[in-house]
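Taking it in order: structure first as structure tokens, then the write-up.
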Amino acid sequence: MELSGEWRLQHYEVGQVPPLQLADAGLDDRFWITAAVPGDVHSTLIERKLIEHPYYGHNDIKCRWIEQKEWWYRTKFQLDEAPSQDERLELVFEGLDTFATIYVNGLEIGQTANMHRSYVYDVTRIANRGKNTVAVKFDPLSLHNRDKAQMQWSSYTKERPWIRKAAMNFGWDWGPRMVTTGIWGKVHLKRSKLARLDSVYARTETADKGMATVRASIEAKCFNRSVELTYRASLVDALGDTAAEAAGKLARSRAEVSLNIDHPELWWTHDLGQPYLYDLEVILYADGQETDRYRKPFGIRTIELLLQDEHGRHAFAFQLNGVRLFAKGSNWIPVDNFIGSAPDKRYTDLIELAVESNMNMLRIWAGGIYEKSFFYDECDRLGVLVWQDFAFANALFPDYNADFMDNVRQEAICNIKRLRNHASLAIWCGNNEIDWLYDMKSSDGDITCPFYGESIYHHLLPEVLEQYDDSRPYWPSSPYGGNDANDPEVGDRHNWQVWHGSVYPRKFGDRTMLDYSIEGVTFKNYKKDDTLFSSEFGMHASANRYTLEKYVPDEEFYWGSVEMAYRNKDTNHQKGILLMEGFTGIPSDIEEYMGFSMLTQAEGLKYGIEHYRRNKARTSGALIWQHGDSWPGTSWSLIDYELLPKASFYYARKFYHPLHLTLDHDPGEPLKLWVVNDRLQACSGKVTLQVYDFEGKLVRSLETAAEVGANTAVKLGEWEELDILGGLSPDRALVRLSAPGWDCEDNYYYLRDHKELDLPQAQLTASVDAELGVVTLRTTGAVARLVTIDIPQGNVRMSDNFFELLPGEPKSIKLRQADGQALLLDRIRIGALNAASTIPLFNS
């Protein structure tokens with residue numbers, strides 16, 4: 001029974017009313033407000049129009065009072081029959097944020113101190129036949145950290161190291177402080193007779209085309225030791241047929257079983273094959289009577305982390321089913337600051353967008369949460385690997401405190417047991433940036449204390465994983481490895497040379513240096529990075545117009561306004577200006593800011609990721625910071641808060657494509673043509689390089705034969721810039737790469753930075769077929785740079801956007817609104833950087 005019916009919510013000053021009075025089963029709570037569970041206090045108050053939406057303007061500041069109050073939830077449930085002697089009734093909370101006291105029928109049954117875990121309470125003896133009452137009191141955080149020693153280092157606030165709660169709630173460099181509270185996970189009653197399953201742990205031991213072996217560990221809780229416990233375990237294929245089966249007895253409530261599958265269907269990432277899922281079913285019997293059942297999807301696959309290549313050199317590469325893959329993806333932050341109220345569809349939308357942009361891995365960042373189970377279900381279904389950080393980010397943590405360490409241990413056990421059966425889960429990682437930043441801050445003298453927290457990542461977590469999940473790799477931190485944890489020669493790396501201006505190379509103990517200059521922050525520095533695996537890197541871009549206009553007051557919607565600055569939570573706003581100054585020039589108004597920042601981010605990520613992919617013999621992954629937004633701000637995201645992709649997302653569809661044509665070129669340097677093939681099949685054919693002037697005239701065309709092996713990157717040829725241009729000025733040249741007959745995207749390159757281009761005015765025209773949701777665009781007079789289609793509504797998907805358009809080559813774009821709403825095609829805006837911002841539309 002899920003307790004998702006009517007809940008009531010009310011707040012009090014701390015200690016204003018005795019707790020037992022508010023927990024009493026007979027309390028009249030009809031004047032309390034109704035609240036959704038799962039959910040949170042903020043979302044309830046927004047829905048009841050008791051607070052202005054915190055994402056609009058500066059309204060988040062007006063909501064700070066919420067975190068100072070004591071909040072109470074209450075609900076009732078009905079039992080037709082009280083539990084019998086052989087039954088157990090358990091009350092399960094999947095997520096409580098954060099310091100809660102739980103009462104059933106006026107009796108206190110437990111207290112919590114961790115947002116990141118579930119809690120189970122045996123209520124067999126206190127549940128009544130008929131009506132029962134549950135009450136949950138949430139304390140303000142200040143009651144639990146005000147007497148604690150402050151850590152010398154904790155990014156953004158010193159209050160969070162003792163509190164096991166999503167770090168981003170306290171504010172980060174892409175989002176505001178929004179300290180939530182409430183019942184953020186599902187609440188349900190579980191009634192069991194004689195025994196119940198406590199744990200089913202399944203992992204693939206071996207797998208190839210001929211045979212796979214899946215080992216399952218079964219644990220049960222028995223309420224009557226006189227009964228005999230037996231089980232039946234099976235794997236059921238997509239047609240409903242049993243692929244493997246075993247049965248037996250449980251000894252001391254445990255059993256180990258091997259399931260052998262002939263000619264198995266393996267689980268692959270969507271770019272390499274089918275993410276095939278069986279159903280794993282375990283049925284528990286007590287004296288022959290079924291008493292519990294587990295049934296969930298299960299993918300058969302092997303996953304390894306290669307730290308050496310075949311020549312004994314350092315590597316950092318994931319190997320799926322024996323295939324070394326290039327991890328293409330992004331970093332995942334919580335989908336909303338109001339985590340508890342975020343709908344499942346928001347997860348589906350964002351993961352589907354990852355697949356649409358050819359990503360095969362998402363990294364769950366340590367400053368958020370261990371994601372909801374639905375997230376991993378969707379990654380299993382859609383074929384996306386998950387890099388899972390444990391929830392420790394950018395701070396020292398009090399590992400010298402026994403109670404804190406026990407809390408952390410229980411958190412780790414809970415989440416490992418919950419997530420370990422997911423095929424998508426590829427790696428556990430101890431923390432985000434703590435090992436790296438501790439060394440830098442101690443080298444600079446900012447930290448003089450021991451490395452508090454070190455024993456968590458280097459002792460506690462590996463010990464717990466050895467006991468509860470030995471089936472996938474563990475990595476202590478990200479970045480980690482080498483002489484300086486961010487060493488490109490060992491392990492994974494975060495490239496914050498670009499954007500943050502970090503100066504490298506660096507060794508352990510060296511003082512840190514920052515270079516806030518055009519040369520220091522430019523994305524051209526990506527090409528200096530020969531990392532083994534780039535697990536975090538990126539740069540800002542504006543949100544889309546609709547998102548900004550929805551949350552920024554009209555009078556503040558201009559470049560340089562206080563409100564626009566408030567959307568940017570980074571420490572130094574000069575970085576983004578320097579990046580644009582170096583590539584596009586500094587914007588003069590809001591229109592140029594949106595276009596210039598979008599273009600800089602998109603071209604910068606393309607520049608870096610194509611470098612990493614050409615280097616795939618050494619580099620094995622590129623995970624962009626970041627995938628989406630938790631609020632409507634200016635950030636590193638590819639997709640803004642209203643689920644509208646930025647230019648970089650549409651670029652990613654192309655630069656992450658499994659078969660990719662790429663040009664290695666810098667001004668004045670030769671043009672080097674490459675093909676990157678991440679697929680498991682070789683390809684052969686012709687690759688064409690064409691040079692156009694900005695009026696669309698074809699100046700030069702050459703064709704080269706290509707034989708590209710499976711899972712390789714191949715350089716096809718090299719030409720001097722002067723030779724390839726045939727007298728055309730490089731600031732008036734556009735290069736197109738194409739491969740007729742291949743399943744790959746055309747790729748376009750300008751040979752100079754945008755601010756140096758001599759772009760004529762383009763004349764755009766468009767026609768719309770409202771019935772089909774298709775817009776067809778044409779340009780005359782000149783190439784149209786970064787053609788942008790803008791519709792004032794959220795969650796709009798397009799077959800392409802932010803693209804180059806050549807004269808004489810019309811392009812049709814398919815549009816849809818992913819929530820099923822009608823498209824507002826009568827309010828469409830279409831423009832380009834070198835064209836008018838709006839053009840007339842004609843019905844086709």
Notebook entry, point to check: What residue, of Gly509, Gly520, is surrounded by fewer than 15 Cβ atoms within 10 Å (Cβ to Cβ), over 24 Å from the mean Cα position of the chain (by Cα) and either at positive phi or not in a loop (DSSP other than H, G, I, E, B) (or both)?
Noted result: Gly509
Next item on the list: Would you be able to say whether some residue in segment 716-736 is closer than 19 Å to Leu806 by Cα and aromatic (Phe, Trp, Tyr)?
Entry: no
Checklist line | Arg129 vs. criteria touching a Leu at 6+ places or on another chain (Cβ under 7 Å), of a type in the set (Lys, Arg) and surrounded by fewer than 16 Cβ atoms within 10 Å (Cβ to Cβ) | finding: yes
Notebook entry, point to check: Got a sec? Which of Thr788, Thr776, Thr704 is at pLDDT 95 or above, among the β-branched types (Val, Ile, Thr), surrounded by fewer than 18 Cβ atoms within 10 Å (Cβ to Cβ) and under 25 Å from Ala652 (Cβ atoms)?
Noted result: Thr776
Margin query: With the requirement that a residue be in contact with a His (Cβ under 8 Å, 6 or more places away or on another chain) and within 15 Å of Gly453 (Cβ to Cβ), what does segment 367-402 give you?
Written below: Ala391
Next item on the list: Would you check which residues across segment 674-697 are among the acidic types (Asp, Glu) and in a strand (DSSP E or B) and list them?
Entry: Asp693
Check: In segment 236-257, which residue that is of a type outside the set (D, E, K, R), more than 34 Å from the chain's Cα centre (by Cα) and not in a loop (DSSP other than H, G, I, E, B) is surrounded by the fewest Cβ atoms within 10 Å (Cβ to Cβ)?
Finding: Ala251
Item checked: Which listed residue, of Tyr607, Tyr612, Tyr651, is in contact with a Ser or Thr (Cβ under 8 Å, 6 or more places away or on another chain) and either under 19 Å from Ala327 (Cα atoms) or part of a loop (DSSP other than H, G, I, E, B) (or both) -> Tyr612
Check: Given segment 143-206, what strands (runs of 3 or more DSSP E) lie entirely inside it while holding 3 or more residues that are within 30 Å of Glu228 (Cα to Cα) and touching a residue at least 40 places away in the same chain (Cβ under 8 Å)?
Finding: 187-193
Notebook entry, point to check: Would a scan of segment 442-452 turn up a residue that is in a helix (DSSP H, G or I), closer than 16 Å to Gly367 by Cβ and in contact (Cβ under 8 Å) with a residue 24 or more places away in the chain?
Noted result: no
Margin query: Which residue is farthest from Arg493 (Cα to Cα), if the candidates are limited to segment 404-463 and must be of a type in the set (Asp, Glu) and touching a strand residue (DSSP E or B) at 6+ places or on another chain (Cβ under 9 Å)?
Written below: Glu411
Margin query: For segment 65-117, which positions are out of contact with any Phe, Trp or Tyr (no Cβ under 6 Å at 6 or more places or on another chain) and of a type in the set (S, T, N, Q)?
Written below: Gln68, Gln78, Ser84, Gln85, Thr98, Thr101, Asn105, Gln111, Asn114
Next item on the list: Filter the helices (runs of 4 or more DSSP H) completely within segment 1-119 down to those with at least 1 residues that are farther than 30 Å from Glu556 by Cβ and in contact (Cβ under 8 Å) with a residue 40 or more places away in the chain.
Entry: 19-23
Check: Among the residues of segment 315-338, is any at pLDDT 95 or above, more than 14 Å from the chain's Cα centre (by Cα), over 21 Å from Arg420 (Cα atoms) and of a type in the set (Lys, Arg)?
Finding: yes
Notebook entry, point to check: What number of residues within segment 304-362 satisfy the criterion of being surrounded by fewer than 24 Cβ atoms within 10 Å (Cβ to Cβ) and among the polar types (S, T, N, Q)?
Noted result: 6
Check: When you scan segment 698-749 for strands (runs of 3 or more DSSP E) that lie fully inside it, which ones turn up with 2 or more residues that are out of contact with any helix residue (DSSP H, G or I) (no Cβ under 6 Å at 6 or more places or on another chain) and acidic (Asp, Glu)?
Finding: 698-708
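The values are calculated or read from the model by the stated rules, or taken from the named source; none is laboratory data. These numbers were taken from a predicted model, which means no experiment stands behind them. Note that each Cβ is placed from the backbone with ideal geometry, even for glycine, and that neighbours are counted across all protein chains shown.
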